[in-house]
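The values are calculated or read from the model by the stated rules, or taken from the named source; none is laboratory data. Note that this is a predicted model, so its numbers are computed, not measured. Virtual Cβ from ideal backbone geometry, glycine too; neighbours counted across all protein chains shown. When the accessible area is computed, the model is the full protein with side chains, heavy atoms only, and any ligands, DNA or RNA have been set aside. Shrake-Rupley method; radii C 1.70, N 1.55, O 1.52, S 1.80 Å.
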Amino acid sequence: MSSNTAPAVELRAGPREWFGLLALLLPVTLMTADLGVLWLATPYLTADLQPTSSQLLWTTDLYGFMTCGFLVVMGTLGDRIGRRRLLILGSLGVIAASVLAAYSTSPEMLIVARALLGVAGAAVLPSTLSLIIHMFKDDRQRATAIATWVTALSVGIAIGPVIGGVLLEHWWWGSVFLMGVPVMLVPVLLAPVLLPEYKDPGAGRLDLVSVVLFLAAILPVVYGIKKFAEHGWSLANLAAIVIGAAFTVVFVRRQNGLETPLLDMRLFRTRAFTGALLTLLFGMMALNGVEYLVPQYLLVAGELTPLAAGLWLLPGAAGLIIGSQLTPVLAKRFRPAYVITAGLVVTLVGFWLTATAGPDDSGIVPAAAGLAVIMFGVAPISVLGTALASGAAPPEKAGAASATGQTAYDLGLAFGIAVTGSVAVAVYRSGIADTAPAGIPAAAEEAARDTVGGAAKAAETLPQNVGEQLLAAAREAFTAGFHATAWMSAGMAVLTAVVALVLLRHIPAIGAATAPDTVPEGGEPAAGPEPATSAEAATSAEAREEPVTSA
């Protein structure tokens with residue numbers, strides 16, 4: 001027996017690996033913080049660059065969509081050129097794109113910079129997770145490292161608006177992008193010293209046709225959703241969605257026929273894997289629509305400064321951190337599906353609170369408190385969902401499973417902005433058209449109808465009483481859109497709970513899922529300290545029933 005347990009001791013990571021983990025967590029936190037910092041900067045860049053509502057949506061959405069669109073592609077590329085090398089190249093790309101975004105002089109330039117940031121971010125995220133899996137071979141240490149990685153993602157989302165508020169209080173809107181430069185220099189300088197290189201010796205060639213098909217399956221659907229928000233349903237919008245669905249079918253058929261597919265579709269045969277992906281997708285959609293609008297609500301309706309708005313978002317960050325730390329404790333006693341569902345029930349209280357916020361500073365407390373409750377309740381999804389997706393595949397497919405899980409996570413964040421943000425824009429436009437003061441110049445009316453920032457700028461050109469009426473109407477319309485987003489997100493939370501209960505209820509709690517071969521030499525069963533251990537143990541039997549092997 002001692003001969004069987006000795007190798008496990010030798011595989012335990014040392015100080016170099018743990019310091020390497022710290023170097024990996026910084027870029028991970030930045031990748032998701034970048035989503036948040038733009039939220040507070042939106043009114044300022046809108047006033048400076050004067051984008052249309054469509055350009056503004058592309059500015060906020062494109063980063064997330066490009067990231068999730070290229071995650072699987074970059075994960076496959078990392079297998080071929082090396083994970084550490086891809087991390088360094090991606091970090092350099094983030095630095096260059098951040099500088100380009102900070103000094104953008106037009107909406108088009110900023111949109112391009114955001115797209116490049118998304119592609120570079122897609123190179124960084126899967127590299128960090130796959131390096132963690134490679135560095136931490138001991139199951140218990142790997143579980144701890146993965147849970148820390150997930151927490152870094154969540155913390156980035158939470159602290160992004162806070163950092164953005166501090167920067168916007170003292171500098172111009174472009175400064176929120178420059179914060180990425182020193183952060184991404186850390187992996188560039190430390191990766192060669194602390195991180196091992198890893199290549200898959202059996203990786204096949206990268207199928208470029210699959211890359212094109214993968215993007216063609218996502219982007220037309222996004223386009224159709226955006227155009228629906230701007231102009232309502234039309235034949236062109238419906239055609240875009242149908243085209244995206246058609247490319248999805250073509251992509252799946254091609255993957256099934258390739259010897260080394262870009263994405264092995266047989267991963268989806270396991271109920272745990274599919275359930276984890278859908279839970280991540282819908283759960284992040286429910287979260288991010290409201291999370292995207294709360295900072296803007298604090299600025300528009302609450303009339304707070306960026307720094308004050310950032311401080312009011314700190315309870316949300318605290319809720320997410322507390323929920324993330326509590327999740328592994330609960331998952332030792334209860335099944336992951338029940339923990340996730342309980343958290344989603346809690347989020348309904350938060351969505352109700354945000355829906356009670358009024359169009360003035362009296363709504364600051366319910367908006368901030370509601371976000372804190374939502375963040376607390378959604379924490380189990382980000383922690384357990386990622387762990388379940390990573391653990392649902394055999395070891396040789398863990399990298400692909402992790403990249404796909406991260407794709408679902410990021411796609412949910414991006415779709416949350418696109419779908420609920422589009423609804424908010426549609427409600428805002430309808431409201432401002434009905435309540436804007438009569439007789440104002442056509443140019444001012446058009447600017448006010450486009451965005452809240454446009455309404456504020458138009459109000460400066462009008463007589464004081466008329467300008468105040470226009471601003472009041474804009475706040476009323478924006479708040480109505482905010483409320484619609486809250487109720488839509490609540491409905492998405494209910495859908496997520498149903499998915500989790502149906503597809504994940506068979507997975508046992510961590511304590512009940514300990515495999516016999518994890519018992520140490522002393523005979524005392526090893527307690528799974530983190531949710532990833534439960535995921536790996538709980539899904540191993542299912543993976544064996546439907547093995548996912550190379551064609």
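Annotations
- From THR279, THR274, THR260, residue being surrounded by fewer than 24 Cβ atoms within 10 Å (Cβ to Cβ) and closer than 19 Å to GLN406 by Cα: THR274
- When GLY343 is tested against (1) surrounded by fewer than 24 Cβ atoms within 10 Å (Cβ to Cβ); (2) free of Cβ contacts under 8 Å to residues at least 40 places away in the same chain, only condition (1) is not met.
- Among the residues examined, ASP434 qualifies as farther than 18 Å from TYR297 by Cα and open to solvent by 10 Å² or more (accessible area, probe 1.4 Å).
- Single residue of segment 359-388 satisfying the filter (open to solvent by 20 Å² or more (accessible area, probe 1.4 Å) and not hydrophobic (A, V, I, L, M, F, W, C)) that is farthest from ALA474 (Cα to Cα): PRO366
- Check on ALA8, modelled with pLDDT under 70, over 26 Å from GLY165 (Cβ atoms) and open to solvent by less than 40 Å² (accessible area, probe 1.4 Å): no
- Qualifying residue in segment 326-334 (condition: modelled with pLDDT of 80 or more, open to solvent by 40 Å² or more (accessible area, probe 1.4 Å), within 15 Å of MET375 (Cβ to Cβ) and not charged (D, E, K, R)): yes
- Residue within segment 525-545 that is modelled with pLDDT of 70 or more and farther than 30 Å from GLY257 by Cβ present: no
Yes/no per residue for (1) assigned to a helix (DSSP H, G or I); (2) farther than 25 Å from MET375 by Cβ; (3) at pLDDT below 75:
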{"residue": "ILE157", "(1), (2), (3)": "yes, no, yes"}
{"residue": "PRO187", "(1), (2), (3)": "yes, yes, no"}
{"residue": "TYR198", "(1), (2), (3)": "no, yes, yes"}
{"residue": "VAL222", "(1), (2), (3)": "yes, yes, yes"}
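- Filtered residues of segment 98-127 (kept if under 28 Å from LEU21 (Cα atoms) and either surrounded by fewer than 24 Cβ atoms within 10 Å (Cβ to Cβ) or touching a Lys or Arg at 6+ places or on another chain (Cβ under 6 Å) (or both)): VAL99, ALA115, LEU116, VAL119, SER127
- In the set VAL466, VAL498, VAL519, only one residue is under 28 Å from THR151 (Cα atoms), modelled with pLDDT of 70 or more and surrounded by fewer than 24 Cβ atoms within 10 Å (Cβ to Cβ); that residue is VAL498.
- Residues that are buried (at least 22 other Cβ atoms within 10 Å of the Cβ), more than 16 Å from VAL346 (Cα to Cα) and among the hydroxyl-bearing types (Ser, Thr, Tyr), drawn from segment 287-325: TYR292, TYR297
- Residue among THR274, THR260 that is β-branched (Val, Ile, Thr) and in a loop (DSSP other than H, G, I, E, B): THR260
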